[in-house]
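**Q** Submitted below is the structure of interest, expressed as structure tokens.
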Amino acid sequence: MKKLSLVIAALCSFLFLTGMVMAAEITDPILKKLVEKGILTKEEAISVIQEMEQEKSQKVQKADEKSTAKATETATTDSKDLDKIAKALKGFKFGLLYYLSYQNGETGDMDNGTGYSQFVIKRGYFRVTKELLPWFDAHMTLDVTTVKDPEETGDAPNNLDGSIAMRIKYLYGKFKLPDFAFFTKPFVEVGAVHMPWLDFEEHINFYRLQDTMFIERNDNFNSADIGITFVTLLGEEMPKEYQEKVSSYYPGRYGSMSFGLYNGGGYHASEKNQNKPFEARLTLRPLPDVIPGLQFSYFGIWGKGNQSNAPTWTVNNVFGSFESRYVNLTGQYYWGKGQQNGANAFDKDGYSFYTELKLYDTFKHSWNRFSIIGRYDYFNPNTDVDDSDNNRYIAGFAYYIDKPNKNMVLLDYDTVNYAKKGLSDDKRVQLTLQVAY
């Protein structure tokens with residue numbers, strides 16, 4: 001009985017499908033005509049239609065497969081191109097730093113002060129570093145500045161006064177040496193390199209956007225020269241917590257050291273004699289576990305000023321600094337003879353004090369991104385002459401757009417009082433935007 005039921009069901013299905021085929025509409029006009037003339041039966045015409053549909057479906061499938069293969073090939077090619085770009089950029093680091101300012105002030109002279117009001121591109125730097133080998137880097141920094149007068153370019157007829165010029169400040173190879181004995185992370189720069197002092201001071205006083213540091217501000221030397229510089233930390237590095245919360249720059253447990261030999265003209269003057277000044281900095285951190293932010297430094301230069309007659313140029317600078325989450329303090333005393341450009345060989349001395357109150361760490365609020373800075377400089381450019389000294393006072397209020405000491409705005413007041421009779425004071429109010437990446 002069961003077998004009979006299955007046979008009946010199969011027969012019914014066959015008849016049903018046959019009926020559907022017979023009832024199917026022949027849409028192709030040629031096949032329809034052949035059926036009407038009796039050349040093809042309706043079943044044969046439908047079979048042809050089915051074969052045609054099958055061939056069409058196979059063509060579509062092949063086209064889809066071809067399209068998919070092409071897309072896969074394109075994606076693979078794009079991936080390979082991206083891999084090539086990523087490989088080419090591997091080891092590269094790029095950086096931007098510039099200071100844009102509005103200044104309103106008065107320059108002192110023997111009669112009446114000369115007033116000014118101006119927007120200024122104070123400085124701009126574009127840095128590129130490429131790690132060529134695990135132990136060797138290549139570095140270049142382009143320096144953008146405003147040409148102050150035609151004589152600075154040596155090409156007055158071109159009327160470059162006030163032009164924005166670009167020059168190379170740093171261009172060196174950096175050899176990263178293995179640790180040895182007491183020296184940690186030592187390296188050597190060769191080319192247009194950092195001189196030993198200002199890179200150190202500017203990573204304690206982060207307000208270079210206000211203007212240059214004490215000794216450079218008084219025309220004694222600048223921050224770069226052509227030559228060779230050796231740098232090392234003394235002892236192992238300070239703990240990670242200290243580096244994150246206070247400072248990660250020159251973090252040797254017992255201090256750091258830097259010295260080198262240079263042409264002597266700085267990075268924007270050609271060498272005018274054969275003398276090679278020697279410069280050295282030694283920094284000691286005497287109590288790394290008790291007062292980790294306390295450091296004492298000595299910096300010296302022994303050489304000749306950059307003139308053909310090679311006048312004496314010596315620098316001695318003792319420097320004390322304290323860094324913490326809430327305040328940075330520095331004090332220094334300088335004495336020496338002459339200056340880098342060889343303009344004179346006078347005996348000079350001076351001292352400077354600087355402080356930063358880090359309000360953003362002292363008072364924890366989301367809106368609090370402020371610091372207050374203050375600085376006092378005393379400088380005597382010729383100790384053999386009466387009333388040649390001057391006193392500089394700086395006060396500033398900083399707002400950080402993002403991280404401290406990165407993108408920020410600084411409002412400061414800067415004044416210089418001259419001891420010389422009849423010489424009026426310099427005065428300046430300045431608003432500066434620092435952009436750093």
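**Q** Can you tell which of A419, G303, P178 lies farthest toward the positive end of the dipole of segment 94-436, using +1 and -1 charges on the Cβ of basic and acidic side chains (Lys, Arg; Asp, Glu)?
**A** In segment 94-436, that residue is P178.
**Q** Add +1 for every Lys or Arg and -1 for every Asp or Glu among the other residues with Cβ under 12 Å from the Cβ of P277, and state the total.
**A** -1
**Q** Determine ³J(HN,Hα), in whole Hz, for all residues of segment 303-314 in sequence, where each value follows from phi through the Karplus function 6.51 cos²θ - 1.76 cosθ + 1.60 and θ = phi - 60°; x replaces Gly and Pro.
**A** Result, ordered by residue: x, 10, x, 7, 9, 5, 7, 6, x, 4, 9, 9 Hz.
**Q** Now, a different point. Please compute the net charge surrounding T415, taking Lys and Arg as +1 and Asp and Glu as -1 over other residues with Cβ under 9 Å from its Cβ.
**A** After counting each charged neighbour, the total is 0.
**Q** Another question, if that's okay. List, in order, the whole-Hz ³J(HN,Hα) value for each residue of segment 347-360 obtained from phi through the Karplus relation with A = 6.51, B = -1.76, C = 1.60 and θ = phi - 60°; use x for Gly and Pro.
**A** 6, 9, 7, x, 8, 8, 10, 9, 9, 10, 9, 8, 4, 5
**Q** Now a separate question. Per DSSP H run of n ≥ 4, the term is -39500 (n - 2.57); total these for the chain, divide by its residue number, and report the mean residue ellipticity at 222 nm rounded to 500 deg cm²/dmol.
**A** After summing the helix terms and dividing by the residues of the chain, the value is -7000 deg cm²/dmol.
**Q** Additional query: Across every pair of different alpha-carbon atoms, what Kirkwood hydrodynamic radius in Å does segment 66-145 reach?
**A** It is 17.8 Å.
**Q** Let me ask something additional. For segment 279-346, what does the relative contact order come out to in percent, with C-alpha contacts under 8 Å and a separation of six or more?
**A** Details: 147 pairs, mean separation 18.9, N = 68.
Relative contact order, segment 279-346: 28 percent.
**Q** What lysines does K420 reach when the alpha-carbon gap must be under 19 Å and sequence neighbours fewer than 8 apart in one chain are set aside?
**A** K348
**Q** For G293, enumerate residues with amide H under 5 Å from its amide H, sequence gap 5+ or separate chain, H modeled in the peptide plane.
**A** The answer is E323.
**Q** Explain nothing, just the number: dipole magnitude of the chain about its Cα centre with +1 on each Lys and Arg Cβ and -1 on each Asp and Glu Cβ, in debye rounded to the nearest 20. List each step's numbers first, then the result.
**A** Values: 50 positive and 56 negative charges, 359 e Å.
So the dipole magnitude of the chain works out to roughly 1720 debye.
**Q** Shifting gears a bit: On a straight-distance basis, which lysines could pair with K185 in a cross-link, Cα separation under 19 angstrom, same-chain partners fewer than 8 positions away excluded?
**A** K130, K174, K176, K240
**Q** Still on this structure, I have one more. Identify which of P404, P29, P286 has the largest mean-square fluctuation in a Gaussian network model of the chain, with springs joining Cα atoms closer than 10 Å.
**A** P29
**Q** Once you place label points 7 Å from the Cα toward the Cβ at K176 and K130, how far apart are they in nm?
**A** Modelled inter-label distance: 1.7 nm.
**Q** In whole Å, what three semi-axes, largest first, describe the equivalent ellipsoid of segment 94-436 built from its Cα gyration tensor (square root of 5 times each eigenvalue)?
**A** Ellipsoid semi-axes (Å, largest first): 30, 26, 22.
**Q** List the aspartates and glutamates whose alpha-carbon lies under 19 Å from that of K66, not counting same-chain residues fewer than 8 positions away?
**A** E55, D78
Values in this text are rule-based calculations from the coordinates and carry no lab data. Owing to the predicted nature of the structure, the values given are computational and were not obtained by experimental measurement. Every residue, glycine as well, gets a Cβ built from its backbone with ideal geometry; the counts of neighbours run over all protein chains shown.
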